[in-house]
Amino acid sequence: MGHRTCVIFLCLLNYLPGGYMVQQLASRPRVCIIGAGYSGLATARHMIDYGLNLTVFEASNYIGGTWRYTPRVGTDEYGAPLFTSAYKDLRTNSFYPSMELPDYPIPAGPVSSFLSGPCIYKYLEGYTKQFNLKKYIQFRSLVTSVEKVGDNWNVTYMKTDTKQNVSEECGFVVVANGEYIAPHVPYFAKQEDFKGKMLHSHDYRDSEDYRGLRVLVVGAGPSAFDLAAHLINVTSMFIHSHHLDANIQKVYGNYKRKPDIKHFTPTGAVFEDDSTEEFDVAILCTGYRYSFPFLNYPSSGVTSSAKYILPLYNQLININHPTMTFVGTGKYSIGLVRDRQGHYSAQLAAGLVKLPSKDEMFQQWFDHAKRLTPKEINLIGYENTANYMDTLLNGTDIPRVPLVFTTILRNHIDLWYTEFLTFRNYQINLLSDTEYEMIVKPQKKICPFDL
């Protein structure tokens, strides 16, 4: 309770009483988007549709964000940080219609509902070409500072190839730098004693690197179970440490389930049940933290930590400065939600959305946040997709996400662990905006672009 009260107090320091209402803009602002991944590209397309002048600042030399695979880890060819977490042979755990952007359908055909990572990247390349987005993207531009100056934003970035620092003025900023860029690496007792290799799943790239080794994976999120599916048949021993109390698919052979780690040893670990195991590699699938190192405090009007960014109206709009939005920041949301957030941001930037007063936005945020822990403040939730869309898009002409997506997610949200080895054999067919069928139909093709 003390931490929660402190979080809200920090927000109050930024809150100034008085009404605020977005007015129709006599001249539309220059829009600056941070990141050319899925969220940034979707948002850019909508900004163009509303005739807005925009620039997308992308730190790397490529579009696609976390969907672009590279064998490199740590830094790119220019020494800039690598933000992608993609690995070889990655397949999505989301059925592809939930990632299909408006007016650019994924080609139909005899393919799996769960596409490969390279396929999603090809899709984003095609999307970029279809809507001529590349001319708006400024590559090798690592944003280092975003500061509110008067009515505008001062955005500073480093050209990663020349190391030159440049500042530009923007009237509206969209933060779309990604949710999976900064690994959360907890400390385990005596981990410094371990003589083997330890890494976060952010730096995992290829299962062949672990062939014949004894591997420990820590965690029970989607990444942990996906790595289990990749590594079970190539490692000499696969040890899975977690505390998820659920009906997990049974695995035979070299798979061992273990409770949480009590402490590491030079050659392995002791677990909470006092059992021991020896292993060569420990892979931490321990999630990600929020990271907005470029946001100037207090001028930006938001407060952030590893667990939250606040105060955001409807998980999107900077309440203190509504000329800034955060697309893709809400936890556990499908791709189409990010697209709609980008669409809403474009209407807001174009002066087509009338927000409640600042008092009203803050009160709604406060009433929501006071019941939550810091980790829950930015939660949307897959199964809450329809309710969130109704709240965010109320009063706009932006299309809602079909209700069928929420139904599918509610009914099958646990498949990624209850059937983690086989759930991608399901074919999900949408019959209408409210109905679907799911059948077992293994498919050989995992990318329609390869047909």
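A compact table of results
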quantity	calculated
Among 327, 48, 212 - extreme Cα towards positive end, dipole of the chain, charges at beta-carbon	48
Nearby aspartates and glutamates by direct alpha-carbon distance to residue 129 (threshold 17 angstrom, same-chain neighbours under 8 apart not counted)	49, 58, 100, 103
Degrees between helix 335-349 axis and first principal axis of the chain (Cα, 0 to 90, nearest 10)	20
Whether segment 282-406 is rounded, prolate or oblate, judged on the alpha carbon gyration tensor where a/c under 1.5 counts as rounded	oblate
Above-threshold pairs, the threshold being 23 Å between Cα atoms, out of 256/331; 250/441; 197/258; 195/262; 197/445; 88/159	256/331; 197/445; 88/159
Tensor-based shape of segment 101-191 (alpha-carbon gyration tensor, a/c under 1.5 rounded, otherwise prolate or oblate)	oblate
Among beta bridges that DSSP assigns inside the chain, antiparallel share in %, nearest 5	50
Centre separation in Å (Cα based) which lies between segment 60-112 and segment 210-255	23
Crossing angle, helix 358-369 versus the chain [Cα axis fit, 0-90 degrees, rounded to tens]	20
Cα shape, segment 81-152, gyration tensor, a/c 1.5 rule	prolate
Charge dipole magnitude, Cβ of K and R +1, D and E -1 - the chain, Cα centre, debye nearest 20	420
Projected area, mean over directions - the chain, Cα convex hull, nm²	22.3
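Only the coordinates and a few stated rules stand behind these numbers; no lab work does. Keep in mind that this is a model prediction, so the values were computed, not measured. Heads up, the Cβs are rebuilt from the backbone with ideal geometry, glycines too, and the neighbour counts pull from every protein chain shown.
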